[in-house]
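What follows is one structure encoded as structure tokens, with my remarks underneath.
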Amino acid sequence: MVIQKNILYIVLTRMGYLVLIAILLSLLANMYTYFSHSQTAELDVEAAQLFNLEYHTPTINWDQPKVANGRLLEQFDNDKISRAYQNAWYFLNESLRKQTSIGLNDYFAEHLVEEIEGMIKTNKQKSYIEDRVDLEHNVDLHLFSIDKQVIAFKDRNVRIKRKVSKLNQIVYEQEVFKSYEVVMTLADGKWKVLQMKETENKNPGRIIRNAPRFVMDSTVTFVGQKAINKVEEVQVNCKTKPKEGFHRIAKGETLYRLSKKYNTSVKNLMTWNGIKNISEIKLCSHLRVKPFVKERKKIVLVTPKVKRAVDKKNRVVEENETIFSIAKEMNIDASLLKSINNLNSNDLKPDQVLQVPNLLDINKEKVKNIKGINYYPQDTPWWDFWVEFDSKIIRKDLIAIKQLKMNTVRVFVPSDGVIPGLQFNVMLDKLETLMDECHQLDLQVMITMFDFPVSFDLDYYNKSERQLEGLMNRLKNHPALLGWDLKNEPDLDFERHGKKKVLQWLEYLIERAREYDPKHLLTIGWSNPEDAVNLADQLDLVSYHYYRDPKSLKLDMLKLKRAVKNKPLLLQEFGLPSDWKWYKPFGHSEDEQAEYLREFKQEMEENRLPYLLWTLYDFKNIPTQVFGYKKWTYSKQKYFGLIDKKGNKKPAYYVFFPYKLKQ
């Protein structure tokens, strides 16, 4: 009996050891998978972006002469030459950024390669790195030879953004418009740039809005072929005497004292020397104290301006028509029609002329009544939504949203290339299907773009614009479209990428979005009300997320409204997870979730704050590609819904349910 007990003890002990070893191995395997996956992903992204011609897709607008010199440039040749010219610019930009001549010989003649290598050498000597991107070209064709071996053209108003850094600190930024006379030749089946000579920019081209965080190269002089800018790098040298028009800073001197001494202003001193922060001024800095004066051949002025929708039309009132019947015919509120026409009463007279509001005005009016949902299907949230898209499930979900008397759906479109194997055009097909379903159910759609962006660097601007262009041109006329949300929670990228870099990228997208679709609302979904003040003056609608105590909602809303000068606000996300478990004593119960949302709803209705709830469903699975492998950091994301994983309506559902339940 004792022997049997000993054998049983030994067997159980060894089984326990085996189980313990298995658990330890599992933990080690998971840790290895997590860390190796993260490192591999980062390395893959870096490798993919080392030389990525797909990211460089600037706009090239060709203008052929009415009477051809040589032969007509046909589309096939146009495409080949455009691609080669784009690639030449790409490798020119990359050579200055990476300080290497790799790729230049494939697209430039030998003497031009030597010239570029000289620029690289000079930058290396001064420890400068130049990051730049060309965004738009306007090509006037001069000659395309009969034998298709030579092409000559003028590239007008090439739009270029530049950042010059030294020791990882940006010392100079600018946006310029330059023009070039270009000759390209075909040799060994490849088009190469034979000549590229900068010329005077006689016609600045279309007027654009200046992004305030870029220094616009709006006052440029041309001496021969060389441009001279007013802002020069501040020299710091205690030994040499300052040049004429400069002053060397001594101990105790301030910009205010200098402004009085040289009869100018502090603002002028900061502008002439490119000073953004007074704390940047160092002892022995040589500051310009007199304006730059030099004989100029030509000054190019670029005036800031934003293109907006101006498509108001007139409507003549007929016999027996009322303000309400006309508003109903136009599918707009009568109050908007009265506001546009400055009417104090509802009375109309026959033959009276009414101004019809444009689509942008109509959409702004719709904002006041937004009540909606941030939407993902229950089984396929985030990336899986687009990979496993099911129109039948989506229609069922949209009907459920409609039953809650909600009128708006917010959907998220990830950046092109984020989801492996998913083509962008295929994703647009699916998005259009969803919008068709929304239109049939009288639901309007807010499209959030650039979810999980690849980069905010200059070399990603072209890729971003092509995605923006593709989305807007495809869907800007869809009847279900309410507006465009350019980016979800970009303030969360400030720490990693830098606030200034993220805001510059967003400003560029705002400008381009106005060009592609001036008729629909533009907004950005900030993660909190404090950051929602960023770029508010350039947007139609200020959107923010709020996962705080509902008691503080009104005060924070009033602060934001005052800061953005009473622009329309949208509470774009709010909610509380019902994630209480016996092993999660600090989680919230379903009843607590319902009470939280009830307080929120009351505050929003009292303050007439439009809203989008996060979200319809509790999710069964959360993708690790989005939230990582640390389960404890994302598990609560599963429990924000009004309907649980089994399809049962939670108490929170009835907070928004428009009908009274029978007792």
- Query: Which peptide among 77-85, 521-529 comes first, and what is the full order, when sorted by highest mean count of other Cβ atoms within 10 Å?
  - Reply: 521-529, 77-85
- Binned Cα-Cα distances of the stretch 334-486, short to long, each 10 Å bin given as a whole percent: 9, 34, 29, 17, 8, 3, 0
- Message: With a 1.4 Å probe and all protein chains left in place, how much accessible area per residue does the stretch 521-663 have, in Å²?
- Response: 52
- Cα to Cα, under 19 Å, and not fewer than 8 places away if on the same chain: which aspartates and glutamates meet these conditions relative to Lys190? Glu54, Glu74, Asp77, Asp79, Asp106, Glu110, Asp147
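Filter the GluC sites (Glu not before Pro) in the stretch 485-587 to those in DSSP coil with at most 15 other Cβ atoms within 10 Å of their Cβ, and list the result.
On the way: sites: Glu495, Glu507, Glu511, Glu515, Glu530, Glu573; in loops: Glu530.
When the GluC sites (Glu not before Pro) of the stretch 485-587 are filtered for loop state and at most 15 Cβ neighbours within 10 Å, Glu530 remain.
Is there a pair in Lys166/Lys290; Lys396/Lys645; Lys163/Lys487; Lys98/Lys197; Lys178/Lys243; Lys366/Lys565 whose C-alpha atoms are over 18 Å apart, and which pairs would that be? Working shown, then result.
Numbers: Lys166/Lys290 26 Å; Lys396/Lys645 16 Å; Lys163/Lys487 23 Å; Lys98/Lys197 23 Å; Lys178/Lys243 30 Å; Lys366/Lys565 20 Å.
Result: Lys166/Lys290; Lys163/Lys487; Lys98/Lys197; Lys178/Lys243; Lys366/Lys565 exceed 18 Å.
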- Query: When only alpha-carbon atoms count, how far does the stretch 365-656 stretch along each of its three principal axes, as whole angstroms with the largest first?
  - Reply: 50, 44, 40
- For Ala187, what charge total do you get from the other residues with a beta carbon under 13 Å from its beta carbon, if Lys and Arg give +1 and Asp and Glu give -1? -1
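Translational diffusion coefficient, Stokes-Einstein: compute it for the stretch 59-199 using the Kirkwood radius over C-alpha pairs as Rh, at 4 °C and 1.567 mPa s, and state it as an integer in µm² s⁻¹.
On the way: Rh = 15.9 Å.
Diffusion coefficient, whole number: 81 µm²/s.
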- Which loop-located trypsin sites (Lys or Arg not before Pro) does the stretch 478-587 contain, where loop means any DSSP state but H, G, I, E or B and the Cβ has at most 14 other Cβ atoms within 10 Å? Arg548, Lys565
- Query: Taking amide H positions as placed 1.01 Å from N in the peptide plane, with prolines and chain starts having none, which residues 5 or more places from Leu343, or on another chain, fall under 5 Å of its amide H?
  - Reply: none
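Taking 37 °C and 0.692 mPa s as the conditions, I'd like the Stokes-Einstein D for the stretch 225-288 in µm²/s, using the Kirkwood hydrodynamic radius from alpha carbon pairs.
Values: Rh = 12.3 Å.
It comes out at roughly 267 µm²/s.
Under 11 Å from the Cβ of Ile60, count the other residues' Cβ atoms, weight Lys and Arg +1, Asp and Glu -1, and hand me the total.
On the way: positive: Arg83; negative: Asp63, Asp79, Asp134, Glu136, Asp155.
Charge balance near Ile60 sits at -4.
Just round it to a whole percent: the fraction of Cα-Cα distances in the stretch 517-663 exceeding 20 Å.
Numbers: 5903 of 10731 pairs.
Of all Cα-Cα distances in the stretch 517-663, 55 percent exceed 20 Å.
The values are calculated or read from the model by the stated rules, or taken from the named source; none is laboratory data. All of these numbers come straight from a predicted model, not from anything done at the bench. Cβ coordinates were reconstructed from backbone atoms using ideal geometry, including for glycine residues, and neighbour counts include every protein chain displayed. Side chains included, ligands, DNA and RNA excluded: accessible areas come from the protein's heavy atoms. Shrake-Rupley method; radii C 1.70, N 1.55, O 1.52, S 1.80 Å.
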